[in-house]
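To start, the structure itself, in structure tokens.
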Amino acid sequence: MKLLVTKLLVTLALMAAMTTAAFASEQKIDLSAMTCRDFVASDQAKSTLILAWFLGFYGEEEDPQIIDLGKLEAARTQFADFCKQQPNFRMTVAAEGILETPEQQTLDATH
């Protein structure tokens with residue numbers, strides 16, 4: 001009986017370790033490799049996280065610590081519309097076109 005319990009505990013520990021390892025690999029999102037198709041297929045929580053990151057990256061310098069939920073939902077609509085039409089676009093390219101301000105575009109062009 002003790003051997004059976006030990007085998008069961010070892011099996012459970014291995015399963016937990018494998019599950020944790022698989023889950024840990026899902027903790028990183030490579031935005032440079034993500035396509036619009038990937039974004040549209042992602043769940044609400046993941047897409048919100050991605051949009052919040054992009055809004056922060058392209059956000060206004062005057063209020064860098066403000067998360068505008070209205071802008072987030074507007075961006076969701078813009079990205080969803082764009083990505084349905086261009087599923088193979090990389091998200092970083094889509095974000096640049098959708099969120100980059102004219103001032104940021106001018107700075108990018110001069111550097």
Report summary line: Among residues of the stretch 28-44 being within 9 Å of the chain's Cα centre (by Cα) and farther than 14 Å from residue 77 by Cβ, the residue surrounded by the most Cβ atoms within 10 Å (Cβ to Cβ) is 34
Report task. Filter the stretch 82-91 for residues that are in a helix (DSSP H, G or I) and not charged (D, E, K, R) and give the result. Result -> 82, 83, 85, 91
Query - Members of the stretch 49-62 that are within 17 Å of residue 90 (Cα to Cα) and either among the β-branched types (Val, Ile, Thr) or buried (at least 17 other Cβ atoms within 10 Å of the Cβ) (or both) - result: 50, 51, 54, 55
Query raised in the report: Can you tell me which residues in the stretch 35-81 are without any contact (Cβ under 8 Å) to a residue 40 or more places away in the chain, aliphatic (A, V, I, L, M), farther than 17 Å from residue 100 by Cβ and in a helix (DSSP H, G or I)?
Result: 41, 45, 49, 69
Query raised in the report: Here are some residues: 96, 103. Which one is crowded, with 16+ Cβ neighbours inside 10 Å and either at pLDDT below 80 or not β-branched (Val, Ile, Thr) (or both)?
Result: 96
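The values are calculated or read from the model by the stated rules, or taken from the named source; none is laboratory data. Small disclaimer: the values here were computed from a predicted structure and weren't measured. Please note: Cβ atoms are built from the backbone with ideal geometry, for glycine as well, and neighbour counts cover all protein chains shown.
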